[in-house]
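Take a look at the structure set out below.
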Amino acid sequence: MYRCQLCNRVSRPGERATKVVTERRPAEYPSRGKAQKAGSGRRSKAQDDPGGAGYEIAKEAMVCPTCAQEQLAKDAAQEADSIGI
Ligand SMILES: [Zn+2]
């Protein structure tokens, strides 16, 4: 049993908890020169890591199946918004 972190309801025995992402933050990773090493010995080569951008998880919550569904729907709606559908 657990307490849902979104609606604060105590779960029924045997009810599954779901971990959902409630907050994301944009993240950028700078490129790093010679970070990727391939092989070993004298002829080993080091390649640059190009870096990039993406999202990091800022907050997670253990929630009940009902809230998980809602969160999933909200996520999908937000994604559609950001793409412009
Ligand atoms: Zn809940």
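Quick note: the coordinates plus some simple rules give every number you see, no bench work behind them. Nothing here was measured: the structure is a model prediction, and the numbers come from that model. Please note: Cβ atoms are built from the backbone with ideal geometry, for glycine as well, and neighbour counts cover all protein chains shown.
Before moving on, here are some points about what is shown:
- Using the Karplus relation 6.51 cos²θ - 1.76 cosθ + 1.60 with θ = phi - 60°, the per-residue 3J(HN,Hα) values for region 78-85 come to 5, 5, 4, 4, 5, 7, x, 8 Hz, with x marking Gly and Pro.
- Placing +1 on the Cβ of every Lys and Arg and -1 on the Cβ of every Asp and Glu, with no other charges, gives the chain a dipole of roughly 620 debye about its Cα centre.
- Column: log10 I(q)/I(0), Debye, Cα scatterers of the chain, q = 0.19, 0.23 Å⁻¹: -0.88, -1.07
- Pairs of lysines in region 10-85 whose Cα atoms sit within less than 19 Å of one another amount to 5, provided the residues are eight or more positions apart or on different chains.
- The peptide list 1-8, 40-47, 64-71, put in order of mean Cβ contacts within 10 Å with the highest first, becomes 64-71, 1-8, 40-47.
- FRET efficiency for the pair GLN36 and GLN78, taken as 1/(1 + (r/R0)^6) with r the Cβ-Cβ distance and R0 = 41 Å, rounds to 0.75.
- For region 41-85, a Kirkwood radius taken over Cα pairs fed into Stokes-Einstein (25 °C, viscosity 0.890 mPa s) yields D = 168 µm²/s.
- The chain - percent relative contact order, Cα under 8 Å, separation 6 or more: 34
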